[in-house]
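**Q** Let me give you the structure first, and then I'll get to my questions.
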Amino acid sequence: MGVLLLVDAAGRFERTVTDGDIRRLMLAGGELTDSLAGIPVAESVVITKRHSRRDALEIMQAHVINHLPVVDEDGKVVDVLMRSELDEQVLLSTPHMGDAEREFVEDAFRTNWIAPLGPNVDAFECEVAERVSSPHAVALSSGTAAIHLALRMLDVKQGDTVFCSTLTFAASVNPIMYQGAEPVLIDSEPESWNMSPLALERALEEARREGRLPKAVIVVCLYGQSADMDPIMDICKRYGVDVIEDAAESLGAKYKSKASGTFGRLGIYSFNGNKIITTSGGGMLLTQEEDLAKRARFLATQARDPAPHYQHSTVGYNYRMSNILAGVGRGQLKVLEERVAARRRVFETYRTELASVEWLSWMPEPDWSYSTHWLSVCEILPDAPTTTVDVIRRLADEFIEARPVWKPMHLQPVFENFKYVQHSNHSVSDGLFERGICLPSGSNMSDADLERVVKTLRSI
Ligand SMILES: *Cc1c(COP(=O)(O)O)cnc(C)c1O
C-alpha cells in the first residue's frame, strides 16, 4: 500500500510511517539500520467513524496525505483508505468496446474509406436490419437525426401536430420543433412507464373532434423496455395515424418476441456513447418500406438529384453515418447479446441484493416485455425515510453517479405551453420523475462496483 502502520504491543495504532518520514530521517543523519523509534514524533491523521468517500478525500487533501487509517473504539486499525482508490467513480453508463471494432475501423483506414459512406456503412445497415428482422435500415449521424428524417418523410410541417411520450429525453421532441410542428405530450402508464394507451386514445379522440389529428405519434421505449405496442398500434391504425418508434434506448429489447423498434412505420435506434452499444455518436432508421429507406438516404445526403451537376429540388441534410464509425458499430453489434445479458444481470443483482430495502421499488417488466435494462431504475417510495434528492446526494458522496428519471417534457420550460394528456386523473410521469432514480448500469461494471452501490444504498 506504500505505507507502514506502527502499532503498540496490544495492536493499538500509534502512527503511520511513509517514505517521506524515512527520507527525512536519513536527511537528518539517520541510517537505514536505525530503529523507527528515532523518527521525530508526529501525530498521524486517522478517522474513527464511517466517512463518505468525498469526506475522506477532503481530509487527505487537507493534510496532504495519501493514506487514511480507520481505527475502531479500541484504537485498532480496521481499514486503510487509499487516495488512489477512493476517487474511482462508478458511472451511470459508459462505452464498452469489444474485440472486433478496431479491425473494422482499421479496415476503413486501410482502404481509405474515410467518408459518410462505404462498405462498413452498408454492412452495418444489413447487419442491424437482419439482427432485428427489419427489411431496411439506414445508418445516420445520430438518433435525433433519425427522428427528424422520420418526421420529414411523413411530411410533418408547420401547423401539424405530432404526439409524443412525455417521459423521455428532449431529443424525442426537439425534431418536432425543427419541422415547425406542435407537440402534444402523452403521459405514461404505470405498467411499463411508457406511453399510456388510455391517454393516447383520449388525446386522439379529442383531436378528431377538433379536426386536428396528428401527422404522427412518436412512441418512446424507455430505459430498454418496449411500450405496450399492440394496443398503441391498434389505436393509431383506427385513427389512421403513423407511428414512429423511438427505440433509441431499447435496441435488443423485445415486445412479445418481436424486436423493439420494428413496430412503427418508422423506428429509430441511437448509438450515442451512453447507449447499450455505441459508435460514439450515431443512429439508425428502420422501416419496412423500401421507398422510405431510399428517400431517407437521399435526404440524409443533401437531397442531390440525379444529374451530372449539383442539382437540388428539395431541402436535404448531412445526416449520414461515417464509414469509420459504422466500423465501430459492426464490432459492437457482435457483442450486443452479451451487453444485454450483462445489463440484465446488473438489474437482477440490485433487485435481489436490495430486496430487503422496503422503500425501494423496481421498474416493472410486464409479461410481454423483454427489457434490456439499459438503465437500472428504481423508485423511492413515498413513505421512505429518505428522498430521491438525498439518495442521489449520498451516492454522489461515494462518487457513484445516479440520476433522476427523465424530467417529463410537459414540465420542461421549453415545452410547458404545449398540450399534455394524462393517463388518468393523476399524472403518472410526474410521480415517476419525483421518485425515480437511475443507478449505474454499465455492462462493464465490476462486481466491486456493484457491491459499492448496493452497500451505499443499504447504508442509507
Ligand atoms: C439518446 C436518445 C435519443 C437521441 O439519440 P442521439 O443519438 O443521442 O441523437 C432520442 N431519444 C431517446 C429516448 C434517447 O434516449
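The values are calculated or read from the model by the stated rules, or taken from the named source; none is laboratory data. Computed from a prediction, not measured in an experiment: that's the story for all the values here. Methodologically, a virtual Cβ is constructed for each residue, glycine included, from the backbone with ideal geometry; neighbour enumeration extends over all protein chains shown. These accessible areas exclude ligands, DNA and RNA; they are computed on the full protein's heavy atoms, side chains included. Shrake-Rupley method; radii C 1.70, N 1.55, O 1.52, S 1.80 Å.
**Q** For segment 416-425, just list the computed ³J(HN,Hα) in residue order, Karplus coefficients 6.51, -1.76 and 1.60, θ = phi - 60°, integers in Hz, with x standing in for Gly and Pro.
**A** 5, 8, 8, 5, 10, 10, 7, 5, 8, 6
**Q** Follow-up. Where Lys and Arg each count +1 and Asp and Glu each count -1, what net charge lies around Asp8 among other residues with Cβ under 12 Å from its Cβ?
**A** That sum, taken over residues with Cβ under 12 Å, equals +1.
**Q** Could you work out the relative contact order of the chain, using alpha carbon pairs under 8 angstrom and six or more residues apart, expressed as a whole percent?
**A** 19 percent
**Q** Here is a further query. Tell me the relative contact order for segment 100-333 as a rounded percent, counting alpha carbon contacts under 8 Å between residues six or more apart.
**A** It rounds to 29 percent for segment 100-333.
**Q** Below 8 Å, C-alpha to C-alpha, sequence gap of six or more: please give me the relative contact order for segment 3-86 in percent. Intermediate values should be presented prior to the final figure.
**A** Working: 93 pairs, mean separation 20.5, N = 84.
Reported relative contact order: 24 percent.
**Q** Can you tell me what share of the DSSP beta bridges in segment 224-354 is antiparallel? A percent to the nearest 5 is fine.
**A** 75 percent
**Q** In addition: What are the ³J(HN,Hα) values, in whole Hz, obtained from phi via the Karplus relation 6.51 cos²θ - 1.76 cosθ + 1.60 with θ = phi - 60°, for each residue of segment 167-177 in sequence order, with x given for Gly and Pro?
**A** 8, 6, 7, 4, 4, 5, 9, 3, x, 4, 5
**Q** So what's the gap between the Cα centers of segment 25-54 and segment 261-312, to the nearest angstrom?
**A** That distance is 64 Å.
**Q** May I pose another question? Let me know the volume per residue of the alpha-carbon convex hull for the chain, in Å³.
**A** Per residue, the Cα convex hull of the chain comes to 194 Å³.
**Q** Pull out a ≥ b ≥ c, the square roots of the eigenvalues of the alpha-carbon gyration tensor of segment 74-117, then state rounded if a/c is under 1.5, prolate if not and a/b is larger than b/c, and oblate in the remaining case.
**A** Verdict is prolate for segment 74-117.
**Q** For Trp359 and Arg393 in one chain, what is 0.36 nm times their gap in residues minus the Cα-Cα distance, to one decimal in nm?
**A** 10.5 nm
**Q** Cβ neighbours within 10 Å, averaged per peptide: list 53-63, 366-376 in order, most packed at the top.
**A** My ranking of the peptides, most packed first, is 366-376, 53-63.
**Q** Using mean Cβ contacts within 10 Å as the protection proxy, how do 435-441, 156-162 order, highest first?
**A** Taking the mean over residues of other Cβ atoms within 10 Å, the ranking is 435-441, 156-162.
**Q** Also: Considering amide H positions built from the backbone, and no H for Pro or chain starts, which residues 5 or more places from Val220, or on another chain, come under 5 Å of its amide H?
**A** Amide H neighbours of Val220, under 5 Å, 5+ apart: Ser165, Met195, Asp246.
**Q** Per residue, what accessible area does segment 336-459 have, given a 1.4 Å probe and all protein chains present, in Å²? Before the final figure, lay out the partial values.
**A** Working: 5620 Å² over 124 residues.
Result: 45 Å² of accessible area for each residue.
**Q** Which length gain, in nm to one decimal place, applies between Asp234 and Gln158 when the Cα-Cα distance is subtracted from 0.36 nm times their residue separation?
**A** Working: separation 76, 0.36 × 76 = 27.36 nm, distance 2.70 nm.
Value of the extension gain: 24.7 nm.
**Q** Averaged over every viewing direction, what's the projected area of the C-alpha convex hull for segment 336-459? Give it in nm², one decimal, please.
**A** Averaged projected area of segment 336-459's Cα convex hull equals 9.5 nm².
**Q** Non-local amide H neighbours of Val184 (under 5 Å, H modeled in plane, Pro and chain starts lacking H): which ones?
**A** Excluding prolines and chain starts, which carry no amide H, the hits are Val162, Phe163, Cys164.
**Q** Given points 7 Å out from each Cα along the Cα-Cβ axis, report the Arg24 to Leu117 separation in nanometres with one decimal.
**A** Result for the modelled spin labels: 7.0 nm.
**Q** Okay, next question. For segment 100-333, just say rounded, prolate or oblate: build the C-alpha gyration tensor, square-root its eigenvalues into a ≥ b ≥ c, call rounded for a/c under 1.5, and beyond that prolate if a/b exceeds b/c, oblate if not.
**A** Oblate, since a/c reaches 1.5 and b/c is not below a/b.
**Q** I would also like to ask the following. Please work out the FRET efficiency for the pair Thr33 and Lys455, using the Cβ-Cβ distance as r and a Förster radius of 45 Å; give the result to the nearest 0.05.
**A** 0.50
**Q** Show the residues, 5+ positions off or on another chain, whose built amide H is closer than 5 Å to the amide H of Gly282.
**A** Under 5 Å from the amide H of Gly282: Gly143, Phe271, Asn272.
**Q** Something else about it: Write down the percent of antiparallel bridges among all DSSP beta bridges whose residues are both part of the chain, to the nearest 5.
**A** Approximately 65 percent, going by the DSSP bridge assignments.
**Q** Where a ≥ b ≥ c are the square roots of the eigenvalues of the C-alpha gyration tensor, would you call segment 3-86 rounded, which needs a/c under 1.5, or, failing that, prolate if a/b is larger than b/c, or oblate? Provide the component values of the computation, followed by the final result.
**A** Numbers: a/c = 2.77, a/b = 1.49, b/c = 1.86.
It comes out oblate by the Cα gyration axes.
**Q** Moving to a separate point now. Starting from 0.36 nm per residue, how many nanometres of slack lie between Asp72 and Arg110 once their C-alpha separation is accounted for?
**A** The Asp72-Arg110 span can extend by a further 7.6 nm.
**Q** Can I ask one more? Tally up the carbon and sulfur contribution to the accessible surface of segment 11-98 as a whole percent, 1.4 Å probe, everything protein left in place.
**A** About 51 percent, which is the carbon plus sulfur part of the accessible surface.
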